[in-house]
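Written out below as structure tokens is the structure these notes cover.
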Amino acid sequence: MFGLVDGNNFYVSCERVFQPRLDGRPVVVLSNNDGNVVSRSPEAKQLGIAMGAPYFEVRQLLRQHQGHALSSNYALYGDMSRRVMARLADQVPAVEVYSIDEAFLDLHGLTTFCGTLDVRAQRIRRDVLACTGIPTCVGMAPTKTLAKAANRLAKKYPELHGILRLDTNSRRERALRALPAADVWGIGRQCAHLLTAHGIRTAWELAGVSEAWARKHLGGVVGWRLIQELRGQPCQGLQPSEDGTLARQSISCSRSFGQRLTAFDDLWGAVTTYLSRAAEKLRAQGDQAHILTVFISQDRYDTCLPPPYTRSTTLTLPSGPTSNTLQLLAYARHLLERLYEPGRQYVKAGVVLDGLEPPGRGQQLSLFAPPAGAVLPAPDAGRAQQLMRSLDALNRQFGRGTVRPAATAVSGDQPAPWLGKAQHRSQAYTTRFDDLMIIL
DNA sequence: TCTGGGGTCCTAGGACCC
DNA sequence: TCTGGGGTCCTAGGACCC
């Protein structure tokens, strides 16, 4: 039996823990660059503000109703998430952290000693709320897909008091009949359109399609699994997370710029900044990467431009896996030079690190000399590692970016040209001493 | 005027291997 | 003229998730 715990309006709930004045009002949290709405309070949902709506489209409406828009504050949300996950890990045999605000639970055997599953689920909700201030809902079912569906319905129908258990066929049927097919986990916009075109409206009808049809129209094996799970046949197990964190198979960092950039050096400054951050995350996870991707994007909303808007290039590092920022930067520079075209206007850039593995595994090196310029002179591994450790320690102690590559430097007091907007950011209440709440 | 970021998984074609 | 089968890896792109 799986459980799925999901924070209600997670980012807004995090903000409300520290700003009770936001209670009862329409509140939204914006994406990076204050671009789109990524979290909405129930009051904001009632105003008809859609998930993902561009901020400029809803700003006026929000103002009319004395609402608030906040820039996203990932330091706060990340820390609140860790606290929630820690509470969950305390109460069930295993937890799989699925996203910043969601976790699958292993509910196996919980009923034997501790009353019914429903009682346990309510206890989990009360505990998380009491210890972190975050309201949640819990879905329970024999498959992950059904647990997601149960959670969805628990959020939608207040009379369920935040929990729903789908452990019998009759409960499953009732629930799936009440759930639109488009709300099933794994059904995105494209598939939703296709289902509508075929007259499939509810999750129950979706569960009734033939396996051949699912394979043909819903993405091959992915669609087949989805149908199996809706019918109660598990196709995915729980993948427990160690220390309440999620080990990643890839690490990326990308940002939209605050303005259009054309100069190579500006783009290089941005890529340097993002790669430094990505490498930092890589080291924090204790891994090395051997595949590096750099991409730059033009404005996809510019109707005068032909697609593709994003150009990317990927390199398998000829010198093997590394987590050394300076080494990665040398490769990234070559990749960016390959992508960059003078005169074009770029709005976004990013890097992706793939092929992650812990250091010390046998490294496969190239037998032959790589092309000139493709490989750095091998740095002294020990000293390079020590340098990165010092870098991370300084940035941890004195704040991100205290020590950073010179390419990210900007003359004078100018803000870096690639920096985006974050005009409504709340404080890092739980992770910076200077931002601690003061209660008078 | 303004329209995010960080992930996962799958597919498909080509090059290449035995 | 006929021209296999079973793989891997790479790259690019698409769909989906939160």
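A few remarks follow.
- Filter result for A:T293 (under 20 Å from the mean Cα position of the chain (by Cα) and more than 30 Å from A:R83 (Cα to Cα)): yes
- Among the candidates A:L282, A:L267, the residue that is away from DNA strand C (no atom under 14 Å from the Cβ), under 23 Å from A:S99 (Cβ atoms) and either assigned to a helix (DSSP H, G or I) or more than 20 Å from the chain's Cα centre (by Cα) (or both) is uniquely A:L282.
- Scan the range A:290-341 for residues that are away from DNA strand C (no atom under 16 Å from the Cβ) and modelled with pLDDT of 90 or more and the total you get is 8.
- Just one of the listed residues (A:Q233, A:Q228) is of a type outside the set (A, V, I, L, M), away from DNA strand B (no atom under 12 Å from the Cβ) and buried (at least 17 other Cβ atoms within 10 Å of the Cβ), namely A:Q228.
- Qualifying residue in the range A:229-239 (condition: over 30 Å from A:W418 (Cβ atoms), away from DNA strand C (no atom under 15 Å from the Cβ) and not in a loop (DSSP other than H, G, I, E, B)): no
- Failed criterion for A:D34 (all others in (1) touching a His at 6+ places or on another chain (Cβ under 8 Å); (2) free of Cβ contacts under 8 Å to residues at least 60 places away in the same chain hold): (2)
- The set of residues from the range A:284-315 being more than 24 Å from A:E341 (Cβ to Cβ) and either free of Cβ contacts under 8 Å to residues at least 40 places away in the same chain or more than 13 Å from DNA strand B (Cβ to nearest atom) (or both) comprises A:G286, A:Q288, A:H290.
- Taking the range A:54-140 and the helices (runs of 4 or more DSSP H) fully enclosed by it, the elements with 3 or more residues that are surrounded by 19 or more Cβ atoms within 10 Å (Cβ to Cβ) and within 16 Å of the chain's Cα centre (by Cα) are at A:74-89.
- Filter result (exposed (fewer than 11 other Cβ atoms within 10 Å of the Cβ) and among the hydroxyl-bearing types (S, T, Y)) within the range A:383-440: A:S411
- For A:L195: the one exception among (1) modelled with pLDDT of 90 or more; (2) within 30 Å of A:F2 (Cα to Cα); (3) more than 15 Å from DNA strand C (Cβ to nearest atom): (3)
- Within the range A:269-312, the set of residues being among the aromatic types (F, W, Y) and touching a Ser or Thr at 6+ places or on another chain (Cβ under 9 Å) comprises A:Y274, A:F295, A:Y309.
- Selection count where residues are at negative phi and exposed (fewer than 15 other Cβ atoms within 10 Å of the Cβ), scope the range A:236-259: 11
- A:I251 being β-branched (V, I, T), more than 30 Å from A:V410 (Cα to Cα) and in contact with a helix residue (DSSP H, G or I) (Cβ under 8 Å, 6 or more places away or on another chain): no
- Condition met for A:R248 (assigned to a strand (DSSP E or B), within 30 Å of A:G269 (Cβ to Cβ) and in contact (Cβ under 8 Å) with a residue 12 or more places away in the chain): no
- Residue in the range A:46-59 that is in contact (Cβ under 8 Å) with a residue 24 or more places away in the chain, within 25 Å of A:D23 (Cβ to Cβ), out of contact with any Leu (no Cβ under 6 Å at 6 or more places or on another chain) and not acidic (D, E) present: yes
- Residue in the range A:304-323 that is under 25 Å from A:A393 (Cβ atoms), of a type in the set (S, T, Y) and assigned to a strand (DSSP E or B) present: yes
- Of all residues making up the range A:18-53, the number that are within 26 Å of A:C131 (Cα to Cα), away from DNA strand B (no atom under 14 Å from the Cβ) and surrounded by fewer than 22 Cβ atoms within 10 Å (Cβ to Cβ): 10
- Looking across the range A:200-228 at every residue that is away from DNA strand C (no atom under 16 Å from the Cβ) and more than 22 Å from A:R152 (Cβ to Cβ), the one that is modelled with the highest pLDDT is identified as A:S210.
- Given (1) farther than 30 Å from A:C235 by Cβ; (2) away from DNA strand B (no atom under 16 Å from the Cβ), index of the condition A:E15 fails: (2)
The values are calculated or read from the model by the stated rules, or taken from the named source; none is laboratory data. Since the structure is predicted, the reported quantities are computational estimates derived from the model, not experimental observations. Neighbour counts run over all protein chains shown; Cβ positions are idealised from the backbone, glycine included.
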